[in-house]
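Below is one structure, written out as structure tokens, with a few remarks after it.
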Amino acid sequence: MNLIQRIEYWGDHHHPRWIDFIRIALGILIFAKGVSFVMDRDSVAALIERTHFQLSIWGAVHYVVFAHLVGGIFIMMGFATRLAALIQIPILIGAVFFVNITQGFSFLNSEFWLSLVVLLLLCYFVVVGSGKMSLDKMMDKPGYKRDI
């Protein structure tokens, strides 16, 4: 058993049911943030420009919006949660360390603290997975043929 399989095994066997509600809320929050980015693309471009990111600004904007919309739905439903959370982590690292940290570590900087909590939760769900109340678990039930 390699390291990734051991992490998945441990996460699948140490997942309390109440964590699923936090996963669902996290998915809703990420999806809502993606919707707000769609509604105001210029502010997202301004945020990415502040980081002095060298890739195409609009490519990064589209990546962020797509990852938040699709990843938020996947995390909320518990479908490929580890992958969806893993795709979100670079975005949240950029949000925490490059965008929100420029406004300071003040307790009044709620966007920084929210980004930090979401980043920590995403790292947690990469390890523990989706849980019992998820599409992944429903697809593993007997009678459902899964092609891998």
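Quick rundown of the values:
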| item | result |
| --- | --- |
| Residue within the range 40-52 that is at pLDDT below 80 and outside any helix (DSSP H, G or I) present | yes |
| Filter result (more than 18 Å from SER36 (Cβ to Cβ), open to solvent by less than 40 Å² (accessible area, probe 1.4 Å) and part of a helix (DSSP H, G or I)) within the range 58-88 | THR81, ALA84, ALA85 |
| Candidate set from the range 21-48 (those that are crowded, with 18+ Cβ neighbours inside 10 Å and within 16 Å of VAL126 (Cα to Cα)); member that is farthest from the chain's Cα centre (by Cα) | ARG23 |
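The values are calculated or read from the model by the stated rules, or taken from the named source; none is laboratory data. Since the model is a prediction, treat every value here as computed from it, not as a measurement. Don't worry about glycine lacking a Cβ; one is built from the backbone with ideal geometry, like all the others, and counts go over all protein chains shown. SASA here: full protein model, heavy atoms, side chains in, ligands and nucleic acids out. Shrake-Rupley method; radii C 1.70, N 1.55, O 1.52, S 1.80 Å.
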